[in-house]
Every structure is written in C-alpha cells, then in structure tokens.
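Since the structure comes first, as structure tokens, the remarks are kept for the end.
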Amino acid sequence: MSTKVRNTSSQRVNQVAPSGIRKFFDLLASLEGVISLGVGEPDFTTPWHIREAAIYSLEKGYTMYTSNSGMPELRRELSRYLKERYKLSYNPDSELLITIGVSEALDLTMRAILDPGDEVIVPDPCYVSYSPCVTLAGGTPIMAPTREKNNFELSAADIEARVSDKTKAILIGYPSNPTGAVMSKEKLAKIADVARRHRLLVISDEIYGRLVYGVKHTCFATLPQMKESTILLGGFSKAYAMTGWRIGYAAANKEIIEAMTKIHQYTIMCAPTMAQVAAIEALKSGEPSVLEMVEDYNRRRLVMVKGLHDIGLPCFEPKGAFYAFPSIKGTGMTSEEFAEKLLREEKVAVVPGTAFGQGGEGYVRCCYATSLADIEEALLRMGRFVKKYRKV
Ligand SMILES: Cc1ncc(COP(=O)(O)O)c(C=O)c1O
C-alpha cells in the first residue's frame, strides 16, 4: 500500500496557475549574453542616503520587532506625505498599515474583505498577482477587458456590465503594469460613480503613482466621497528603487485596516525593521532622487517607444510605470511564440502579454528600466527578428 500523503495542495492553490513570467526566467537563466527587458524593477541601486540610514540603524542596534502596524515614526511620515501629496488625511494610529511591499498588502486586502464566492472586478491585462490573490482568498476574479484603442483604460461601462449581487470590489492598478497606461481623472471619476452606486470597495494599487511622464497621476481616494471606500496600496519598490527591501503600505478606513492588521499580526508580525528605517528616510528626503530617476526613465521611454515603432512594432504610448507594450500581431505569432523565439534566436527577453491575462495576447511587455545602451542593442536585435518574421 502506498504511504504517499493524499491531496497535498488545497483546491484553492490548484486553481491558480504558476506565474507565466517565471517560466521565462528559468529559460533565460540557462542562456548567456541575454539582454533582459523582462524584469519589472528599477536598474538603479537604492539612493545612498536611504541605504546609509538603514546601515546606521543596524550600527545603533535597531534589530528588534516593531509595532505590528509599523514604526509610529514611519506611519506619521507616511501620513504627512499623503497629506502633502494628495491632501488626504489618514490617521497614522488607525488608518495606515506598513506591509511587506504592495504584494503583502494585496494579499491582506483580499483576505480581509472577501467571503467565499465574492467577486472582484479586475482589468485584463493586469499585474500577475491580482487574480491569484483574489482566488487564493476564496473570491472570484471577474475580468474586465481593456483595449489598446481605448488607451488600455478601464471603462466604467465594462465594469458596470460585470457587477452582480456578489461583487464586492473593483481592483485597479494605474499607472498600469503591463501596459504603462495612466487613467485620466475623468475616466476614474466614472469608475468612482459605478462604485458609489453599487456600494463597492475600490482597491487602488498605486505603486507606480510617482512614475508618470507629462501627465498627472490621480490618486483614486481623492475623488469625491471615495476616501472611505478606497483601499489605497502604495510602496517604495519602484519610486525609490527599493524592490529588495520589501516595504509598502495600505491606507484605508479604520475598520479595514483593523481587519488587515489582524491577519498581518498573525502571519508576518511586522515589516523588517531596517526597511522601515530606510522608508522613513525615503519619505523625508528621497524626493530629489525620485525626480531624477523619473527624468531618466522618461529619456529611456522615448527611445524605446520610437525604436519599437521604427522596427515595425506599433506601440501604444505609455505615460506611466516603466513598460512599453508593443503589438506583435504583424508577425502572426502568439505572444508566447514571439517571446520564446526572440529569446532563443536573438537573446532578448521580453514577457509575453498573456502572462498578464488573455487580454495581453498579441502584445509583449518590454521593461525600459535598463541602460540606454541595452535598450538600443535590444532594439537592434528585435529589428532583425521582426524583419525576418513580419507577415504584414
Ligand atoms: C502593479 C504592481 N503592484 C504590486 C507590485 C509588487 O510590489 P512590491 O515590491 O511593493 O511588493 C508590483 C511589482 O512588480 C507591481 O508591478
């Protein structure tokens, strides 16, 4: 008789497919000389003064747990920052929670608000974690398409058409990963109107809120009557080049933050202390570094988008984040075929659009948070590739 344990993973976990991005990185790791436009993270090292603050905190021996909610000083700084930036008042004692990046904040949000069968409306394509986080929390993601012809903005009508009596929330993430789309205030206001009428929560992942080019980012919670029903998620990974520190936050009403903190205290306890110290420094004096990096990303964005057009890959103009999302339909290949062939034949790594949902078919994601030299070389190689395979 077999002694093997039965059903090792839960049905909930089995429902979720492994990340489509990971498969590519496994292949990439086995090749040499690859230029990667794949990974979605800044190529900058965290600004020195931020690293120095953390190093100094270690020298002083700040190595203990902090309060579950995060260091009071960090919550106060964050409250000040949100007030200055968006004129939003969050009580640092009850309406802010410091998390292990937006990743944890997303997971906590879903577990805190969803009951089995509750539905969350999610844009397609979208960041790889959105649907799995909903599913793993027992909810059902309901995908709402976004389209290139509408600048990849999520339409209020598409949301409205998907609202049912099980709908609990709308999850949005603008500026968008993978498309680089930024939603206008007017279009967001229409989504707010749907949320208000159907009494839905809005989870707004604004991790790329600082990375916008020539347009203004609208924080969803600033829209009329939206603060009470919005769960604002933000972080340090992208704007301050702090991906490895694992630090972010949630801002919401007291009841929601209390529910999220309950899960956080039993599963995480608190975000890493030295990362919290670094985040305080980032909020206090990181602004010049953010502006410098944004300027740099913008230069690369312009080269990337023009370059893609020039080699025959039409590209919607991204106004935020650090991604370009060109159409590869002219090659007749699927996104996966294109990305895999390009990697094998020209050693350029891009991510197939389908890693972000079915709505990503016909597109690939190219991250331009890499050196201009690498972007130019990647474009050269991609140009050769497109010339070889272009059908129309
Ligand atoms: C849209 C979006 N949200 C959240 C995250 C996760 O960020 P963090 O490093 O804060 O966990 C990412 C990371 O790529 C992202 O692109």
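Ranked for footprinting exposure by Cβ neighbours inside 10 Å, fewest first, Ser229, Ser67 give Ser67, Ser229. Rounded to the nearest 500, the helix-only mean residue ellipticity at 222 nm of the chain stands at -13000 deg cm²/dmol, with each DSSP H run of n ≥ 4 adding -39,500 (n - 2.57).
Dipole check for region 83-237: with +1 at the C-beta of Lys and Arg, -1 at the C-beta of Asp and Glu, and the Cα centre as origin, the magnitude is about 480 Debye. Phi-derived couplings, Karplus 6.51 cos²θ - 1.76 cosθ + 1.60 at θ = phi - 60°, listed residue by residue for region 240-249: 9, 6, 10, 4, x, 7, 6, 9, x, 7 Hz, with x used for Gly and Pro. Sequence-distant contacts, meaning Cα pairs under 8 Å at least 6 residues apart, place the relative contact order of the chain at 24 percent. When the pairs Lys23/Lys190; Lys216/Lys341; Lys227/Lys284 are compared against a 28 Å limit on Cα-Cα distance, Lys23/Lys190; Lys216/Lys341 fall above it.
Per residue, the average separation of C-alpha pairs within less than 8 Å and at least 6 apart gives region 79-186 a relative contact order of 24 percent.
For the chain, the longest principal axis of the alpha carbon atoms and the long axis of helix 101-113 meet at an angle near 60°.
Between 0 and 90 degrees, the angle of helix 20-29 with respect to the longest Cα principal axis of the chain falls at about 60 degrees. Averaging 1/r across all pairs of distinct Cα atoms in the chain and inverting the result yields a Kirkwood radius of 21.8 Å.
A simple charge model with +1 on the Cβ of Lys and Arg, -1 on the Cβ of Asp and Glu and nothing else charged puts the dipole of the chain at about 580 debye relative to its Cα centre.
Of the residues Pro288, Tyr90, Thr354, the one whose Cα sits farthest towards the positive end of the charge dipole of the chain is Thr354 (charges of +1 on Lys and Arg Cβ, -1 on Asp and Glu Cβ, taken about the Cα centre). Computed from label points 7 Å out along Cα-Cβ, the spacing between Ala189 and Glu340 is 4.8 nm. In the chain, the longest principal axis of the Cα atoms and the axis of helix 72-86 are about 60 degrees apart. So if R0 is 45 Å, what FRET efficiency would Lys284 and Lys4 give, r being the distance between their Cβ atoms, rounded to the nearest 0.05? That gives a FRET efficiency of 0.25.
Remark on Ser237: its backbone amide H falls under 5 Å from those of Met242, Ile247, a criterion applied only to residues 5 or more positions apart or on other chains, H modelled at 1.01 Å from N. Restricting to DSSP loop positions (anything but H, G, I, E, B) with no more than 10 other Cβ atoms inside 10 Å of their own Cβ, which trypsin sites (Lys or Arg not before Pro) remain in region 136-205? Taking region 136-205 and a limit of 10 other Cβ atoms within 10 Å, the loop trypsin sites (Lys or Arg not before Pro) found are Arg199. Within the chain, DSSP assigns beta bridges of which about 45% are antiparallel (rounded to the nearest 5). Just to confirm the filter: which GluC sites (Glu not before Pro) across region 200-292 are DSSP coil and have at most 14 other Cβ within 10 angstrom of their Cβ? Filter output for region 200-292: Glu228. Per residue, the average separation of C-alpha pairs within less than 8 Å and at least 6 apart gives region 239-378 a relative contact order of 20 percent. Sketch the reach of a paramagnetic label on Val13 as a point 7 Å from Cα along Cα-to-Cβ, and name the residues of region 125-165 whose backbone nitrogen lies under 14 Å away. Within reach of a label on Val13, which here means backbone N under 14 Å from a point 7 Å along Cα→Cβ, region 125-165 contributes 136-137.
Could you point to the residue in Gln11, Cys133, Ile35 farthest towards the positive end of region 1-160's charge dipole, with +1 and -1 charges on the Cβ of Lys/Arg and Asp/Glu respectively? Positive-end residue among those listed: Gln11.
Summarised in one figure, the compactness ratio Rg/Rh of region 234-333, Cα atoms and Kirkwood Rh, is 1.14.
Every number here is computed from the coordinates shown, using simple stated rules; none is lab data. On a predicted model such as this, the values are computed, not experimentally measured, just so you know. Using ideal geometry, Cβ is built from the backbone for each residue, glycine included, and neighbour counts are taken over all protein chains shown.
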